[in-house]
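To start, the structure under review is shown below, and the notes come after it.
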Amino acid sequence: MEHNSTFPIKQTELDMLRDEATSYLKSIQWEQGQRAKNKDKDAKEESILLYLSRANNGSNVTNVTSVSKTILALKKRLLPESVAIPLYLNQTLFAVQEGLTLGIWIKDSYYDASGLSSLNERKSALDTNGKREFESKMHTATAFMLFSISYKILNDLKPHASDDLSVMQQKFAGIPEVSLMSPLKGVACSLFYYDKYLAHPDIIKSDKDVIDFTVVYFEALIDEIQMRKSALEYTETIVDRTYKLENSEFAVSGWNNVFAGAAKSIEFNKIQFEQIVGNRDAKHFARRLTERMLSYDFTVKKNPFQELGGFMPVFMGYGIPGTGKSMLIAAIATRLKEHCDTLDIPFLFHPMPDTLISTFQGGSAEKMVEWMKPLQDPSKLIFAPIDDAENNLQERTAQGVSAGVKEVIGVFLRYTEGAYAVNYGNSSIGLFTNLPEMLDKAVISRVQGRFKIDGARTEHDFLDQDHLWWRKLDSTMPDFVNMKGSNDYTYLQDQGLAKNMGEILNLTDKPSEERVLKAYDKIENRFKTNEHLFYANLYREIQKIFPFFSSRDVRNIQSAVSLRLTDFDLEKDWFGNPEIYFHQDYDTKFNMLQELMRANMKGLDFSEIRRQEVVRYLDNVATIADTDFKRKVDARVNQLNIDLEAREQFGK
């Protein structure tokens with residue numbers, strides 16, 4: 001479902017609702033349900049749940065709670081000698097107030113969009129169906145309101161909370177009940193338990209605890225709503241639109257939660273490029289990728305390489321098993337992390353989890369959205385590898401492909417080019433696969449940069465691969481490895497990084513794939529390769545052989561040429577002294593890169609580079625198509641052989 005429309009949340013409209021929000025903080029009434037009262041009987045967290053459920057002193061009298069009073073009492077307890085309100089306490093109270101204000105606005109908006117307002121006006125005259133619809137929409141309005149309140153509070157407080165909230169999460173014993181009966185009851189119930197926790201002396205021991213607890217509490221409230229949302233009806237006016245807060249980055253986009261599990265970088269083994277043997281193409285590509293990502297400008301949220309045409313939001317590394325894909329992922333992450341640490345830039349290593357495909361309908365899409373969402377965070381550099389990509393992004397038309405895979409691909413396509421696709425130039429998704437021909441065609445067409453991961457290829461590569469293994473023995477027992485080395489080769493000398501792509505490409509004049517070569521020769525008889533018409537006709541010819549070849553492939557070829565034009569090293573001293581380049585403003589960086597690009601282009605021939613990249617790309621298209629066909633044929637032949645053998649044995 002595309003988010004087809006964005007609605008502004010105007011500050012002036014929020015100003016009119018702030019009094020209502022403040023009144024909730026001054027006083028709400030809540031009568032605890034029986035189940036919540038009984039929770040203490042089987043409570044793990046004896047003391048806290050007991051404390052929460054005894055809040056009524058066992059009576060059924062409706063309880064009046066005042067969050068603002070509790071906060072003042074906290075102020076006295078935490079800063080007894082001072083008249084000032086502690087910073088975090090003040091910040092939390094303000095965030096909760098602003099969250100409530102926004103939630104009321106969202107609720108009003110849902111009332112109008114879903115027709116709940118008019119049902120509400122005719123409430124007394126509704127028939128049974130009308131009453132059912134009214135109640136159902138009330139539940140949905142309440143859930144969406146609580147979701148939005150929590151989401152806004154997390155947005156405002158998460159940056160100020162502690163990085164590690166595990167201690168607070170252990171103290172927290174959950175929310176005994178969540179009411180979705182009506183917006184007023186929903187707010188009253190949520191604030192009632194929030195207030196009880198705040199007043200608990202074991203939970204809040206310092207000013208910082210107030211922020212940490214508030215984040216933990218409202219994260220739990222969002223989780224509760226997410227668990228119940230599948231039972232809600234009339235949600236179409238929630239999921240088909242985005243509400244964006246005026247003059248801010250904050251937006252409520254359906255039930256999407258950017259904060260779910262997005263904050264933490266996954267641990268990885270540190271590996272240097274020199275430890276990877278062969279793979280010159282892949283190492284070169286990886287180095288360029290890291291340099292380009294590091295050029296991202298956090299102030300204007302743009303990357304100068306996007307304007308120059310050298311940035312790849314989606315790329316693919318492919319090759320036979322055992323050639324170093326996982327090592328390469330770790331090496332890219334290592335290089336990015338090291339540079340980010342030196343330049344003091346936040347970095348997120350965000351690999352796709354193996355457990356993405358869910359057996360529940362809609363479950364995979366939801367998990368995939370949760371995984372893709374952090375890629376839209378403009379405040380850090382993000383490297384998001386998908387290892388063994390053929391598992392989750394397999395050709396949708398193949399037999400036996402699960403519904404989960406189709407959901408995952410749907411989300412992937414939507415977020416990489418479509419209504420949701422935002423790319424600031426700070427994040428890159430890398431598909432790594434042994435079987436590129438098994439990837440979905442639409443997914444492959446999103447790939448803007450591709451390289452082969454082919455492992456050791458030359459005599460020197462294999463020498464170095466062995467050397468990396470036996471040198472450990474050599475260092476512990478010097479005379480044990482009693483074998484002769486090579487006289488004219490210094491170990492690992494070939495494993496350094498290439499200067500540019502030209503060094504790596506075995507500059508073939510012609511395509512190596514038979515069908516592409518035939519098409520190429522046919523068109524070359526009519527046009528020269530330095531004529532634009534040569535390519536227009538070649539593409540048309542290729543389309544006859546490979547019907548899935550489209551305008552997007554042509555765009556990808558254009559990106560590949562742009563990559564070659566920006567295939568230059570950033571100056572060494574820029575890394576040693578970030579002031580020169582990395583800490584400059586966007587325009588200065590852009591101008592510096594343009595200078596480098598011009599200097600680099602002097603030695604290049606545009607028509608020759610274009611020819612090389614077209615040949616490379618079309619060979620690639622043919623390899624992928626042929627491999628797929630060949631594998632199907634092999635499988636069929638194998639099956640026929642099995643049948644024949646079975647018949648013979650049966651005949652005996």
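Just so you know, all these numbers are worked out from the coordinates, no wet-lab data involved. Quantities reported herein were computed from a predicted structural model and do not represent experimental measurements. Virtual Cβ from ideal backbone geometry, glycine too; neighbours counted across all protein chains shown.
What the table shows:
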quantity: Rough spin-label spacing in nm, given labels placed 7 Å along Cα→Cβ, for N638 and D494; calculated: 3.3 nm
quantity: Percentage relative contact order, segment 263-457, counting C-alpha pairs under 8 Å, at least six apart; calculated: 36 percent
quantity: Hydrodynamic radius of segment 544-652 per Kirkwood, over alpha carbon pairs, in Å; calculated: 18.8 Å
quantity: Ordering of 300-309, 423-432, 546-555 by burial proxy (mean other Cβ atoms within 10 Å per residue, highest first); calculated: 423-432, 300-309, 546-555
quantity: Extension gain, D354 back to Q272 (0.36 nm per residue minus Cα-Cα distance, nm); calculated: 27.0 nm
quantity: Per-pair calculated FRET efficiency, R0 = 25 Å: V401 and Q465 via Cβ, rounded to 0.05; calculated: 0.10
quantity: Estimated distance in nm for a label pair at D127 and T12, the labels positioned 7 Å out from Cα along Cα-to-Cβ; calculated: 4.3 nm
quantity: Prolate/oblate/rounded call for segment 263-457, Cα gyration tensor, a/c under 1.5 rounded; calculated: oblate
quantity: Members of K283/K589; K380/K572; K10/K406 lying beyond 29 Å, as alpha-carbon distances in this model show; calculated: K10/K406
quantity: 0 to 90° range, to nearest 10: angle between helix 586-601 axis and the chain longest Cα axis; calculated: 10 degrees
quantity: Extended-chain gain in nm, criterion 0.36 nm per residue less alpha-carbon gap, E307 and S162; calculated: 48.5 nm
quantity: Relative contact order (%) - the chain, alpha-carbon pairs under 8 angstrom, separation at least six; calculated: 13 percent
quantity: FRET efficiency estimate (nearest 0.05) - Cβ-Cβ, R526 to E249, R0 56 angstrom; calculated: 0.55
quantity: Angle in degrees between helix 551-565 and the longest Cα principal axis of the chain, rounded to the nearest 10; calculated: 70 degrees
quantity: Estimated inter-spin distance, T342 and T22, nm [label 7 Å along Cα→Cβ]; calculated: 5.3 nm
quantity: Candidate values (1) 18, 47, 29, 6, 0; (2) 18, 51, 29, 2; (3) 15, 40, 30, 14, 1, label of the one derived for P(r) over Cα pairs in 20 Å bins from 0, in percent; calculated: (3)
quantity: Amide H within-cut-off set for R241, under 5 Å, with H built and near neighbours excluded; calculated: G254
quantity: Protection proxy ranking of 386-399, 17-30 - average other beta-carbon atoms within 10 Å, highest first; calculated: 386-399, 17-30
quantity: FRET efficiency for E595 and E417, using Cβ-Cβ distance with R0 set to 25 Å, rounded to 0.05; calculated: 0.20
quantity: Residues F606, F144, F250, F383, sorted so that the one with the fewest Cβ neighbours within 10 Å comes first; calculated: F606, F250, F383, F144
quantity: Crossing angle, helix 459-476 versus the chain [Cα axis fit, 0-90 degrees, rounded to tens]; calculated: 60 degrees
quantity: Proxy reagent accessibility, fewest Cβ within 10 Å first, across M168, M145; calculated: M168, M145
quantity: Which listed pairs, of K26/K208; K171/K205; K152/K229; K76/K196; K171/K196, have C-alpha distances above 20 Å, in listed order; calculated: K26/K208
quantity: Over segment 497-623, relative contact order from alpha-carbon pairs under 8 Å, at least 6 apart, %; calculated: 37 percent
quantity: The chain, dipole about Cα centre (Lys/Arg Cβ +1, Asp/Glu Cβ -1), debye to the nearest 20; calculated: 1140 debye
quantity: Cα centre as origin, Lys/Arg/Asp/Glu Cβ charges: segment 263-457 dipole, Debye; calculated: 320 debye
quantity: Likely footprinting exposure, Y491, Y151, Y581, Y217, fewest C-beta neighbours within 10 Å first; calculated: Y491, Y581, Y217, Y151
quantity: Burial order of peptide ranges 230-236, 612-618, 350-356, 91-97 (average beta-carbon count within 10 Å, highest first); calculated: 612-618, 91-97, 350-356, 230-236
quantity: Residue-span extension gain [A231 to S607] - 0.36 nm each, minus C-alpha spacing; calculated: 129.4 nm
quantity: Backbone N within segment 421-453 under 20 Å of label point (7 Å from E514 Cα along the Cβ vector); calculated: 437
